[in-house]
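Structure record follows, encoded as structure tokens.
The values are calculated or read from the model by the stated rules, or taken from the named source; none is laboratory data. Since this is a predicted model, take the numbers as computed values, not measurements. Cβ atoms come from the backbone with ideal geometry, glycine included; neighbour counts cover every protein chain shown.
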């Protein structure tokens, strides 16, 4: 007789396979004459329930391709990438890359970027809380040394970039009945996702601001991050960026200069 761990592994593998379970596996199960039927019920629940979790995480993708197509893709995804955690809160992290691998979706090249936005939204929603950067903390720093400091992004912050207008596509599909048509030639999008309070906020920012945020997230000082942003976008205005984002919940603390 197989060990329990081997039996569990074979059982889980069979749940993912589309065909009938092997006779060897079925011989290991307690059979009251209905083992194949009971196994199929278990497998169907496994695929459907995990597919439902995927649909909850990617409502915009489901709306863009339709319920039937999404369910078909979800079934394939669940069998290819079954959950690896006891919780399904963040199940579906590989779904954007999975969408890119489907030849039939090649005519929708923006789809995986919209999926990345949706996954980042979910991650931001479940991210830990943090005290926000306050004006007193900034005021305590001498103006001539301020740019040598770094800025600690809120732990919920995610930066998503797309060659397509992924933000506008996502935004247009947040309300039922929207018929807005968006040209894929309308340019790229740079997206900031953050949850400074109870609600996740999704914002589109300029190229310079996006790179500035990425470099701060990587640990650069304000000065170094600004230099990198200016190399990419000479129109980036640091004063304007700070006017909108320094105290809006994007950041939670100053980071001391590196020695």
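Assorted remarks:
- Condition met for residue 121 (under 22 Å from residue 91 (Cα atoms) and touching a strand residue (DSSP E or B) at 6+ places or on another chain (Cβ under 7 Å)): yes
- Residues being without any contact (Cβ under 8 Å) to a residue 24 or more places away in the chain and part of a helix (DSSP H, G or I) - total across the range 113-143: 2
- For the range 74-112, the tally of residues that are crowded, with 21+ Cβ neighbours inside 10 Å and either more than 26 Å from residue 187 (Cβ to Cβ) or in contact (Cβ under 8 Å) with a residue 60 or more places away in the chain (or both) stands at 5.
- Residue in the range 53-65 that is within 20 Å of the chain's Cα centre (by Cα), in the same structural domain as residue 192 (by TED's automatic domain parsing) and assigned to a helix (DSSP H, G or I) present: no
- Unmet requirement for residue 171, which otherwise passes all of (1) farther than 20 Å from residue 236 by Cβ; (2) assigned to a loop (DSSP other than H, G, I, E, B): (2)
- Among residues of the range 183-197 being in contact (Cβ under 8 Å) with a residue 60 or more places away in the chain and assigned to a loop (DSSP other than H, G, I, E, B), the one that is farthest from residue 162 (Cα to Cα) is 196.
- Restricting 176, 118, 199, 180 to those that are within 24 Å of residue 55 (Cβ to Cβ), touching a helix residue (DSSP H, G or I) at 6+ places or on another chain (Cβ under 8 Å) and surrounded by fewer than 16 Cβ atoms within 10 Å (Cβ to Cβ) reduces the list to 180.
- Subset tally (residues that are surrounded by fewer than 19 Cβ atoms within 10 Å (Cβ to Cβ) and not in a loop (DSSP other than H, G, I, E, B)) for the range 229-259: 12
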